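Asker: This is the structure I have questions about; it appears just below.
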Amino acid sequence: MAVFEMRNARKAFGLLEVLKGVSLKVEKGEVVSIIGPSGGGKSTMLRCATLLETMDSGTLAYGENVAAREENGKSVYAGKAALAQVRRQFGLVFQQFDLFPHYTVLKNVCDAPISVQKRDKAEVEAEAMALLDKMGLKGKENAYPYQLSGGQQQRVAIARALAMKPEILFFDEPTSALDPLLTGEVLRVIRSLADEHMTMVIVTHEMPFARAVSDRVVFLDGGVIVEQGSPEQVFENPQQERTREFLKSYRETSGAQA
Ligand SMILES: Nc1ncnc2c1ncn2[C@@H]1O[C@H](COP(=O)(O)OP(=O)(O)OP(=O)(O)O)[C@@H](O)[C@H]1O
Ligand SMILES: [Mg+2]
């Protein structure tokens, strides 16, 4: 059974149709990158997937837990308890790290597992220390967010998401607020998670990264999935004109080879 499945998601803001029937299924251990031009609907799709926005129509499920089914062409969301269960299954890391400024690094990572999941404090803290170590943040547990670089803050945000033991982790442009040096640190951490087969969906503008870590690349433009396939297929042999144009403009503006 798929870890995550969104089917035929539609979402409009007023007259603006942002998602026009998007379907995405992610299997356990899969790493899926979502690429595409600005305004194409990538964040909206992730926000619908993580219950920060509601779909107008379409279905959404995590494993056997149904978050939304469809009835008479409209999405019908599950009740509070069922959605709370669904929320335990995913983690989310945004572009802005949005750590609690008045909490230490350790408390930022441990707060939700202790206060929301009601887990044992000592056990959660021990796991958090191991996670911080893995994120290259050993010795930073008592620092406050303002004392850390953007790249360090983002790695705390990743540790915080992992501390909840999600089945799947979503990233929305995790490095776009960072300079190139700090970007590298964060991408290395995400790559190590990919090597461990953490199930992930990553919205990114970092094409070489998407190519290196992904099992599958999805090109989203104009609210539809225009094309998807292995990184080799999408980057080396795109089938759709829109994909070719997007990759060409990316190469021209970045001066890089994707
Ligand atoms: N809450 C909202 N209310 C109104 N319009 C919105 C809202 N959220 C997004 N939009 C619009 O939906 C469209 C898609 O936005 P979205 O943020 O999903 O794009 P994106 O692919 O993530 O772009 P980027 O690469 O710039 O992050 C845009 O035209 C945006 O202005
Ligand atoms: Mg976005």
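Where a number appears in this text, it was derived from the coordinates with a stated rule and is not lab data. Because the structure is a prediction, the values reported are computed rather than measured. So basically every Cβ, Gly included, is an ideal-geometry build from the backbone, and we count neighbours across all protein chains shown.
Asker: Can you tell me the order of 14-24, 104-114 when each peptide is scored by its average per-residue count of other Cβ atoms within 10 angstrom, highest first?
Answerer: My ranking of the peptides, most packed first, is 104-114, 14-24.
Asker: Continuing with the same structure: Provide the gained length on full extension for the span Tyr250 to Asp195, in nm with one decimal, where the gain is 0.36 nm per separating residue minus the Cα-Cα distance. All intermediate terms of the calculation are to be shown ahead of the outcome.
Answerer: Values: separation 55, 0.36 × 55 = 19.80 nm, distance 2.65 nm.
Result: 17.1 nm gained on full extension.
Asker: Additional query: Return the sequence-ordered ³J(HN,Hα) values of segment 13-29 in whole Hz as given by the Karplus equation 6.51 cos²θ - 1.76 cosθ + 1.60 applied to θ = phi - 60°, using x for Gly and Pro.
Answerer: Values, residue by residue: 10, x, 8, 8, 7, 9, 10, 10, x, 9, 10, 8, 10, 10, 8, 4, x Hz.
Asker: What is the fewest-to-most order of Ile202, Ile225 by other Cβ atoms lying within 10 Å of their Cβ?
Answerer: Ile225, Ile202
Asker: Nearest 500 deg cm²/dmol is fine: what mean residue ellipticity at 222 nm does the chain get from its DSSP H runs of n ≥ 4 alone, each adding -39,500 (n - 2.57), divided by its residue count?
Answerer: That calculation yields -11500 deg cm²/dmol at 222 nm.
Asker: What is the chain by shape, rounded, prolate or oblate, if you read a ≥ b ≥ c off the alpha carbon gyration tensor as root eigenvalues and call it rounded for a/c under 1.5, prolate for a/b larger than b/c, and oblate otherwise?
Answerer: The shape class here is oblate.
Asker: Quick one: compute the contact order of segment 118-245, relative version, from alpha carbon pairs under 8 angstrom and 6+ residues apart, as a percent.
Answerer: On the way: 115 pairs, mean separation 20.8, N = 128.
Answer for segment 118-245 is 16 percent.
Asker: Still on this model: What distance in nm lies between label points placed 7 Å from Cα along the C-beta direction at Gln240 and Gln117?
Answerer: 3.7 nm
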